[in-house]
Each structure stands twice: as structure tokens, then as C-alpha cells.
Amino acid sequence: MTRKANQKDLIQLSELFDQYRVFYNKDSDIPAAEIFLKERIENKDSEIFVVENEDRLVGFVQLYPLFSSTRMKRYWLLNDLFVNENYRGKGFSKQLIEKAQYWAKSTNSAGILLETGKSNDIGNQLYPACGFELYDDVNFYEWKIS
């Protein structure tokens, strides 16, 4: 079952979020993850949806709002998608993406944007299978603050 995350989910969600960050070579820090997620939920900075299996959170997707001036509509940035490694290959990622797509439609947005590495073989198969189109007509740039 997929549903919107709430404050009661913070302990389990923080553990999943920490696993996600460790997957991307960040240091484990569950207390900081809990603070970060609590702030996102309280401040309504993002929309977080979770998937449960037998009363246990096994994955999440986090969407951040963006806006398109030319379309004069909101876009959603699918920034985070993660399923615990013990539950992969069971369709939970697809359920989370479908929940995100439903959310995008229900909020009358222009759509969902996401970025993934060229080496993410699973994601690069999953996203097109869920209706996402590879958009390579633009160059993606980043400016970092050290």
C-alpha cells in the first residue's frame, strides 16, 4: 500500500532515508535524517509517499515543487526514490512512481521531472517503463557552492 508519509512514520522513514543516503556514498546520520524529514513534512516543502509491506515501510519517494514559467504550472521534481534492498524486484518502486504520477495529475501540474545517472541501469529501465521520456535536447548544468 502506498500513502502519504506523516509524523508517525519518521522513525522508519528516517532509517530508509539514511539507507538511501548511504547508497549515494554519504555518511550515515539517522538523527540528522529525522530532523531533515520532519522539517520537510512540517514545512510542507515536499511531498513524501511511502510504501508498506506487512506494516513495515519498505520504500519512499520524495517530490519537490518547481514551477514552469512558460507553462504557468507547477512541475514536481522526483528527487528521491528508494526501496530497501530486501524488497527490490517486487514492484514497490513502480507503485511509488504511480503514486507520484497520480499526485502530479491531482495537483494539475505539468508533470514530473527527474534526473538519474547514466550508470543507473535499473532506473534507466524503470522510468521509461513507467512512461517517462528521456529528454536530451538540453544541456544540464550545475553551479555548486563549495
Just round it to a whole percent: the fraction of Cα-Cα distances in the stretch 31-75 exceeding 15 Å. 59
For the chain, give the magnitude of the charge dipole about the Cα centre (Cβ charges: +1 Lys/Arg, -1 Asp/Glu; no others), in debye to the nearest 20. 480
With all protein chains present and a 1.4 Å probe, how do TYR75, TYR24 order by accessible area, largest first? TYR24, TYR75
Label-point gap, in nm, between SER68 and LYS44 - each point 7 angstrom along Cα→Cβ: 2.4
Pick from LYS38, LYS94, LYS118 the residue whose mean-square fluctuation is largest in a GNM of the chain, springs joining Cα atoms under 10 Å. LYS118
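Starting from the residue with the highest accessible area, list ILE145, ILE41, ILE30 in decreasing order, probe 1.4 Å.
Accessible-area ranking of ILE145, ILE41, ILE30, largest first: ILE145, ILE30, ILE41.
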Residue separation times 0.36 nm, minus the C-alpha to C-alpha distance between GLN19 and TYR87: what's the value? 23.2 nm
Run a plain Debye calculation on the stretch 1-68 (Cα atoms as equal point scatterers, no solvent) and give log10 I(q)/I(0) at q = 0.16 Å⁻¹, rounded to two decimals, same order as the q list. -0.52
Over all directions, how big on average is the projection of the convex hull of the alpha-carbon atoms in the stretch 90-146, in square nanometres? 5.8
Could you tell me which of the pairs LYS26/LYS105; LYS8/LYS99; LYS38/LYS144 are separated by over 30 angstrom between their Cα atoms in the structure shown? LYS26/LYS105
Under the rule of at least 5 residues apart or a separate chain, name every residue whose amide H is placed under 5 Å from the amide H of ASP80. GLN62
Once you charge only the Cβ atoms, +1 for Lys and Arg and -1 for Asp and Glu, what is the size of the charge dipole of the stretch 51-126 about its Cα centre, to the nearest 20 debye? 400
Candidates ILE48, ILE112, ILE11; GNM for the chain (alpha-carbon contacts under 10 Å) flags as most fluctuating ILE11
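Counting DSSP beta bridges in the chain, what percent are antiparallel, to the nearest 5? Don't jump to the answer; show the numbers that get you there.
Working: 20 of 24 bridges.
Roughly 85 percent of the DSSP beta bridges within the chain come out antiparallel.
The values are calculated or read from the model by the stated rules, or taken from the named source; none is laboratory data. Quick caveat, the model's predicted, so the values are computed rather than measured. For neighbour counting, all protein chains shown are included, and Cβ atoms are generated from backbone atoms with ideal geometry for every residue, glycine included. To get the accessible areas, we keep the full protein, side chains included, count just its heavy atoms, and leave off ligands, DNA and RNA. Shrake-Rupley method; radii C 1.70, N 1.55, O 1.52, S 1.80 Å.
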